[in-house]
Structures are given as C-alpha cells and as structure tokens.
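S.K.: Structure in structure tokens, see below.
The values are calculated or read from the model by the stated rules, or taken from the named source; none is laboratory data. Computed from a prediction, not measured in an experiment: that's the story for all the values here. Note that each Cβ is placed from the backbone with ideal geometry, even for glycine, and that neighbours are counted across all protein chains shown.
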Amino acid sequence: MDSRTWALSFLVTPVFLSLVWQHIRSASSSEAAEENFDICDIFTSSRDDKTKLFVQTSRTRQALPKRNMSEKCSEGILNGAVPGETTKKDENVKRGNWGNQIEFVLTSVGYAVGLGNVWRFPYLCYRNGGGAFMFPYFIMLVFCGIPLFFMELSFGQFASQGCLGVWRVSPIFKGIGYGMMVVSTYIGIYYNVVICIAFYYFFASMNRILPWTYCNNLWNTKNCAGVLSPSSNITLNLTAHQDLLNLTSAVNQTFKRTSPSEEYWRKHVLQLSGDIGDFGEVRLPLLGCLALSWVVVFLCLIRGVKSSGKVVYFTATFPYVVLTILFIRGITLEGAANGIMYYLTPQWDKILEAKVWGDAASQIFYSLGCAWGGLITMASYNKFHNNCYRDSIIISITNCATSVYAGFVIFSILGFMAHHLGVNVSDVADHGPGLAFVAYPEALTLLPISPLWSILFFFMLILLGLGTQFCLLETLVTAVVDEIGNEWIIRWKIFVTLGVAVVGFLLGIPLTTQAGIYWLLLMDNYAASFSLVIISCIMCVAIMYIYGHRNYFKDIEMMLGFPPPLFFRICWRFISPAIIFFILIFTVIQYRPISYNNYVYPDWAITLGFLMALSSVICIPGYAVICVWNSEGDTFLQRLKNALKPNKDWGPALSEHRTGRYAQTSSAMNEGSPEAQPLNPEKLRKGEISLTVQGSNGQAHSQDSKV
C-alpha cells in the first residue's frame with residue numbers, strides 16, 4: 001500500500017474500532033438490565049420482599065423512578081425482551097444466557113455462513129455438474145447436515161456446558177471435546193490470517209484506482225498482461241470489438257497470461273518465497289492487519305455472549321446486504337447470463353459419479369461447522385426449554401441458501417470478466433484464496449467505480465470471517481472456564497479471552513511471513529479435514545450407542561416437551577453415521593498431496609500436516625486410557641464400565657430442570673455448592689439468605705441459596 005493508503009488506513013482503523021466498541025457499549029448500556037429482574041420485582045412483590053431486594057440492588061446503582069421501571073417491566077422490554085415476552089432474565093445466572101433467541105440464531109448463522117460459502121461452494125457446483133449438483137447437495141443436507149446440527153445443538157443446550165463439560169454423559173469420551181478444542185485452535189489461527197488479508201485488501205481499495213488494475217507497478221513483470229493496462233501489448237477496454245476479443249483469445253493460447261491481480265497477490269501482498277521452509281521476513285503490513293483482526297475479535301467478545309450477541313446484529317446481516325448489492329450490479333453486466341448459466345446448467349450424467357456425492361457430503365459437513373465444538377458452545381448459552389429443533393432447521397437451510405445465492409453473485413461477475421477477455425468461464429473460475437484475492441478482484445477492475453465494489457466485497461469477507469471467528473474463540477474460552485469452573489475464573493473470564501487472543505496472535509505470526517500462504521493452506525487442508533469426520537462419527541456412536549438412544553430421546557423430550565421426530569431418530573442411529581463413514585472413505589480415496597499452483601509440498605511438510613490432523617484425533621484414545629486408569633474398580637472391566645457411565649452431575653445444569661431420573665441427584669448436588677438460579681422473590685422463605693455470585697461477564701448477580 002502506498003503512503004496515501006497507509007494514512008487513510010490509520011484514520012479508518014481507529015474509527016472502525018471505536019464504532020465496534022461504541023456498539024458494544026451501547027448494547028450493554030442496559031447494564032441495569034443485567035440485574036433488572038430484581039428491580040422489576042421491587043415493583044411487583046410484597047413490602048418485605050421489596051426491602052430485601054432493594055438492599056441488594058442499592059449497593060450497585062441508585063434506584064430508578066418507580067413509574068418508568070414499572071412500565072418497562074410490564075411491557076417486558078428490559079434486557080432484550082421482545083414484544084409478547086415477559087421480562088428477560090438469565091436462567092443460569094452463573095454462566096449467563098443469550099439476551100434473546102434472535103442473538104443465538106444470528107450468531108449461529110454467522111458461525112455456519114463463512115468464507116467457504118463464497119469461495120468454495122460455487123466452484124464445487126460448476127465443477128460437479130452445475131444445477132445437477134444441487135440434488136445430491138440437498139439430499140446430504142436433509143439426511144446428514146440438519147440431523148447432525150440438531151444433535152450438537154440439543155447436546156449443548158441440555159447440559160448447558162461447552163465441548164468439554166458435556167462429556168459428563170460418558171467421561172471416557174471426553175477426548176472428543178479436547179479434539180474439538182485442538183481443531184478450533186488450528187482453524188482460529190489461520191482463519192484470522194485470512195481475515196487480516198481481507199483487511200489489507202480493504203484498505204488497499206481506498207484509492208482512486210485499484211492497485212492491481214494496471215501492469216505499470218514496481219512489482220509487475222514483463223509477462224503481466226492487464227485487461228486495462230495501457231503498458232501491455234494487449235489493450236482491452238469496455239468498448240472493445242469482437243476482433244480484439246478474438247486476438248486476445250489467440251494470444252492467450254500462445255503464452256500463459258499473468259494478470260496484474262495475480263502479481264499483486266504474489267509479488268506485493270505476499271512477496272512469496274520459493275519454498276515452505278524459506279520464511280523470509282515478516283510482512284509488517286500483514287502483521288498489523290493481523291493485530292487489528294485479533295483486537296476486533298477480542299473487543300466483540302469482551303463480555304462473552306452478552307457483547308457478541310449484540311455485534312452479530314450487524315456482522316451476520318450486513319453481508320447479505322452486500323451480496324444483494326453485488327448481485328444486482330452483477331446481473332446487469334454484459335456476459336453475466338453466460339456465467340450464471342455455466343453455474344446452473346445441469347449435467348445429469350455426473351450424478352452417477354461417486355465424486356459428486358462425496359463433494360456434496362463434504363461441503364455440507366464442513367460448511368455447517370459440525371465437530372468444531374462451536375455449535376455445542378453456542379447452544380449451551382440457550383435457555384433450557386428453547387426450541388433448538390426449530391433453530392437447527394432455520395440455520396441449516398439459511399446456510400445452504402446463502403451458498404447458492406453467493407454462487408449467483410460470483411458467477412455473474414466472472415461471466416462478465418470472461419466475456420470481455422474472450423475466454424470461457426472455466427478459464428477464469430477459481431476457488432479458495434485464488435477466487436477471493438485474484439480472480440474476483442481482477443473482475444472488479446472492469447466495473448465503473450471499481451474501488452467502491454472492491455471495498456464492499458472485502459468488507460463482506462471480513463464480516464463473514466469474523467462471524468466464524470467469534471464462535472471459534474468463544475469455544476476455547478468457554479471450554480477452559482467451564483472446566484475449571486471456580487468463582488475466580490468465572491469472574492475474570494475477560495482475562496481468559498485476552499490470553500487466548502494473545503496466544504492466537506503470536507501463533508499466527510509465522511503465517512504473515514513470505515512463506516505464510518504455504519503454511520495457511522497446509523493447515524487448511526490437514527488440520528481440519530478427515531479428523532473432523534472421525535470426531536463426528538465417534539460422537540454419534542458415543543451418544544446413540546454408549547449413552548443410549550432411548551436415554552437421549554428422553555432427555556430431548558424433557559427439554560423440548562416433545563420427543564425428536566422419527567426421521568431424526570433414524571438418521572442419528574443409522575443414516576448420518578453411515579454418511580459420515582462414506583465421507584471418511586471418500587476423503588481417503590480422493591486424497592492427493594497438497595500443492596499450490598506449480599509448487600509441490602515436500603514430504604516433511606506433508607508429514608507435518610498429517611501430524612496436525614492426528615493431534616486432534618489422538619486426544620480421544622489418549623484421554624480414554626487416562627480415564628479408565630483413574631476410574632474406580634478392582635478389574636479392568638469394572639473400571640471400563642465406570643468410565644462409560646454418566647457422571648452423577650450429568651444432566652440439566654439448574655436444579656429446577658432436574659426432574660425425573662435426574663431429581664435423585666439434584667439434592668445431593670445442591671448440598672455441595674450453591675446452584676445458580678434465577679431470582680424469584682415469591683420463593684423467598686425463612687432460612688434463606690441472599691448470595692451474590694459473579695456472572696460469566698464479570699457482573700454481580702443476586703440469587704437464592706439455602707443456608
């Protein structure tokens with residue numbers, strides 16, 4: 001970036017951070033709403049109870065006017081209440097809950113809808129038969145995607161625990177939770193590097209002319225042939241005639257054209273080295289953008305789900321605004337119809353190919369974020385009786401619909417680009433970083449007011465990445481806090497978040513070197529590939545066959561008020577595990593050693609990639625051995641049996657929800673430590689005192705506890 005761009009970026013960055021911070025502050029300005037349940041009760045309870053409650057609340061704030069607060073309580077607008085809903089209050093005061101269900105749905109949509117929806121699905125669709133690919137894609141969604149999504153949401157919501165705490169259901173499988181943490185760590189490291197590159201392009205787009213438009217820059221080579229480059233022998237503008245298009249096509253057949261956007265990506269942004277072991281120097285502009293990315297993520301998660309739940313109102317919705325703007329602009333361009341037809345034209349003969357079904361199943365599985373631990377974590381902050389069955393269907397369908405919609409946006413622009421280059425759409429279509437940072441940016445240079453469209457596009461990529469990154473970081477933080485579980489770490493959860501963010505930034509520095517893109521693709525291809533499939537398959541077996549499908553169906557019925565539909569019971573027990581196993585076999589059969597353009601990775605790098613993949617899977621048998629060794633019993637079989645049985649504290653987190661077979665253990669748990677329960681003045685009795693428990697967001701909450 002030139003000096004003007006740097007100056008502009010330094011001006012924009014503080015403004016961007018201040019807007020993020022102000023949004024969080026304004027969202028939490030209803031701080032009275034954090035503890036508003038007791039204020040409302042002051043105006044609705046008896047005189048004696050009012051006195052008790054007022055003493056508690058007056059220590060933290062002044063009493064508010066009676067008339068206004070009474071009206072707010074009656075209208076149910078405190079703490080994010082929606083019309084028709086009573087005053088919002090956290091069921092689980094210790095961990096906290098979402099402000100309302102819209103926050104959970106938007107967060108989950110932001111988590112599931114990521115960069116892969118934009119830069120992977122459209123490519124897979126046209127490569128595997130266009131519109132014909134939609135058929136196996138939606139079949140896999142119905143029989144694998146939605147059932148697995150529902151399973152993970154219900155699992156986390158029932159126990160109100162993160163990816164480690166839920167395995168009280170069968171302690172021997174707690175290694176699955178650790179494997180999810182390892183996978184989330186790998187993904188979180190390189191995912192934020194992708195976001196930082198998007199930040200770089202976002203700032204670079206703040207110029208009158210996009211820096212990758214022409215071939216007259218210092219980093220360009222003699223092979224550069226820009227579409228609009230005045231210094232190139234091939235000059236092509238928006239009013240070019242067909243004879244020039246034919247000339248361009250003929251010249252493209254004689255030598256390999258290098259676009260200015262590709263040279264900008266390789267020789268300026270990355271300053272790419274020749275080998276994965278040749279780190280070179282740290283690219284300081286990328287390092288600065290990486291620091292910015294982690295600062296934004298930390299600020300949005302500074303108060304856990306209380307702050308991130310407010311940020312997603314923007315980060316999860318605005319990408320659809322940008323997609324719609326780009327779609328409307330794209331379909332009005334000449335040649336856009338050719339790109340869309342190339343994207344959708346069905347090739348029905350490809351349905352009979354196993355590779356098409358394998359790609360469809362893999363895309364569904366990875367796109368929804370199954371086995372990452374994020375779904376379990378996000379659902380753990382739901383209220384116990386939330387209808388996660390409805391949420392799973394809404395979020396899954398929204399994710400897949402976004403993928404299809406993004407295909408129209410991508411291929412309308414690529415069709416326009418192919419038309420003006422005089423080549424086929426397949427010659428300009430790409431996926432992954434090649435699409436986001438080479439092909440699509442070059443297409444944007446052909447548009448009038450190209451910096452505007454470039455800013456919108458990269459801002460959309462930033463928001464899509466942040467939505468996923470929020471959940472990845474929260475997964476790690478929640479797992480640590482739930483596992484330790486004492487009052488101190490709950491009170492200072494913000495420092496756990498800060499520590500994870502700092503470690504993630506430090507581990508991401510090697511990916512900002514001149515060999516960084518090699519390491520990023522290595523982690524992307526191995527760290528979160530077949531290991532996720534193995535983790536998900538073992539999780540299905542553990543819940544359905546070790547814990548028992550009947551027990552799990554009863555748990556869901558107790559939580560939702562109705563048992564899971566017959567279709568989901570069949571999928572969980574038979575169909576979904578079979579599809580997951582098919583994905584694993586397909587991944588092994590289709591395996592090819594990783595390469596980047598013409599660079600082939602050395603054997604030691606591929607070996608390191610397999611070690612990264614195994615590092616998450618090895619947690620499962622490793623922890624199982626430790627668990628059996630530490631279990632009670634005189635013989636191996638007795639220890640194994642005890643390790644497979646649920647812990648006595650397995651079940652709903654709050655005693656008020658521990659009914660049926662869980663009621664027997666509820667009283668024993670309450671005697672050991674005070675239960676985090678919502679305050680209800682009507683239940684205050686003699687022999688009870690008020691106890692202040694520190695919430696997960698660092699705020700004090702009042703609750704009832706027996707002496």
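S.K.: Among Tyr381, Tyr405, which is under 25 Å from the mean Cα position of the chain (by Cα), farther than 25 Å from Ile580 by Cβ and not in a helix (DSSP H, G or I)?
M.R.: Result of the check over Tyr381, Tyr405: Tyr381.
S.K.: Filter region 264-312 for residues that are aliphatic (A, V, I, L, M), part of a loop (DSSP other than H, G, I, E, B) and over 30 Å from Ile490 (Cβ atoms) and give the result.
M.R.: Leu270, Leu272, Ile276
S.K.: In addition: Can you tell me which of (1) buried (at least 21 other Cβ atoms within 10 Å of the Cβ); (2) more than 30 Å from Ile172 (Cβ to Cβ) is the one Ile535 doesn't meet?
M.R.: Answer for Ile535: the failing condition is (2).
This table checks each residue for (1) touching a strand residue (DSSP E or B) at 6+ places or on another chain (Cβ under 8 Å); (2) farther than 30 Å from Ile556 by Cα; (3) of a type outside the set (Lys, Arg); (4) surrounded by fewer than 24 Cβ atoms within 10 Å (Cβ to Cβ).
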{"site": "Lys350", "(1), (2), (3), (4)": "no, yes, no, yes"}
{"site": "Val356", "(1), (2), (3), (4)": "no, yes, yes, yes"}
{"site": "Met378", "(1), (2), (3), (4)": "no, no, yes, no"}
{"site": "Tyr381", "(1), (2), (3), (4)": "no, no, yes, no"}
{"site": "Asp391", "(1), (2), (3), (4)": "no, no, yes, yes"}
{"site": "Ile395", "(1), (2), (3), (4)": "no, no, yes, no"}
{"site": "Thr398", "(1), (2), (3), (4)": "no, no, yes, yes"}
{"site": "Gly415", "(1), (2), (3), (4)": "no, yes, yes, no"}
{"site": "Val425", "(1), (2), (3), (4)": "no, yes, yes, yes"}
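S.K.: For Asn386, indicate whether it is part of a loop (DSSP other than H, G, I, E, B), in contact with a helix residue (DSSP H, G or I) (Cβ under 9 Å, 6 or more places away or on another chain) and buried (at least 24 other Cβ atoms within 10 Å of the Cβ).
M.R.: no
S.K.: A further question on this structure: Need pairs with beta-carbon distance below 8 Å; first residue closer than 24 Å to Leu456 by Cβ and modelled with pLDDT of 75 or more and within region 210-235, second aromatic (Phe, Trp, Tyr) and in a loop (DSSP other than H, G, I, E, B); sequence gap 6+ or separate chains.
M.R.: From region 210-235, the pairs are Gly226/Tyr214.
S.K.: What are the pairs, 6+ residues apart or on separate chains, where a residue within region 531-546 that is closer than 18 Å to Ala643 by Cβ has its Cβ under 6 Å from a residue that is outside any helix (DSSP H, G or I)?
M.R.: Listed pairs, sorted by first residue: Ala542/Ser170; Ile546/Ser170.
S.K.: Can you list the helices (runs of 4 or more DSSP H) lying wholly within region 96-149 that have 1 or more residues being in contact with a Ser or Thr (Cβ under 7 Å, 6 or more places away or on another chain) and not polar (S, T, N, Q)?
M.R.: 101-112, 115-119, 121-127
S.K.: Could you tell me whether Ala159 is within 18 Å of the chain's Cα centre (by Cα) and at pLDDT 95 or above? Give the steps one after another, and end with the answer.
M.R.: Working: within 18 Å of the chain's Cα centre (by Cα): no; at pLDDT 95 or above: yes.
No.
S.K.: From the set of residues in region 560-579 that are surrounded by fewer than 17 Cβ atoms within 10 Å (Cβ to Cβ) and among the β-branched types (Val, Ile, Thr), which is farthest from Phe365 (Cα to Cα)?
M.R.: Applying the filter and picking the extreme gives Ile570.
S.K.: Are there any pairs, at least 6 apart or on different chains, whose C-beta atoms fall under 7 Å, with the first in region 330-344 and outside any loop (DSSP other than H, G, I, E, B) and at pLDDT below 95 and the second surrounded by fewer than 17 Cβ atoms within 10 Å (Cβ to Cβ) and not acidic (Asp, Glu), and if so, which?
M.R.: Final answer for the pair search is Leu344/Gly131.
S.K.: Next up: Take the residues of region 432-454 that are without any contact (Cβ under 8 Å) to a residue 12 or more places away in the chain and among the hydrophobic types (A, V, I, L, M, F, W, C): which is farthest from Val193 (Cα to Cα)?
M.R.: Taking region 432-454 and keeping what is without any contact (Cβ under 8 Å) to a residue 12 or more places away in the chain, we get 434, 448-449, 452.
From what's left, among the hydrophobic types (A, V, I, L, M, F, W, C): 449, 452.
Details: Ile449: 28, Leu452: 24 Å.
Result: Ile449.
S.K.: All but one of (1) of a type outside the set (A, V, I, L, M); (2) more than 17 Å from Leu323 (Cβ to Cβ); (3) within 21 Å of the chain's Cα centre (by Cα) hold for Pro448; state the number of the condition that does not hold.
M.R.: Against the list (1) of a type outside the set (A, V, I, L, M); (2) more than 17 Å from Leu323 (Cβ to Cβ); (3) within 21 Å of the chain's Cα centre (by Cα), Pro448 comes up short only on (3).
S.K.: Could you identify the single residue in Val118, Val109 that is crowded, with 24+ Cβ neighbours inside 10 Å, under 30 Å from Leu414 (Cβ atoms) and out of contact with any strand residue (DSSP E or B) (no Cβ under 7 Å at 6 or more places or on another chain)?
M.R.: Val118
S.K.: In region 623-657, what residues are farther than 23 Å from Ser154 by Cα and out of contact with any helix residue (DSSP H, G or I) (no Cβ under 6 Å at 6 or more places or on another chain)?
M.R.: Val625, Ile626, Trp629, Asn630, Asp634, Thr635, Phe636, Leu637, Gln638, Lys641, Asn642
S.K.: While we're on this one: Find the helices (runs of 4 or more DSSP H) located wholly in region 422-505 whose residues include 1 or more that are modelled with pLDDT of 95 or more and among the hydroxyl-bearing types (Ser, Thr, Tyr), and list them.
M.R.: 450-484
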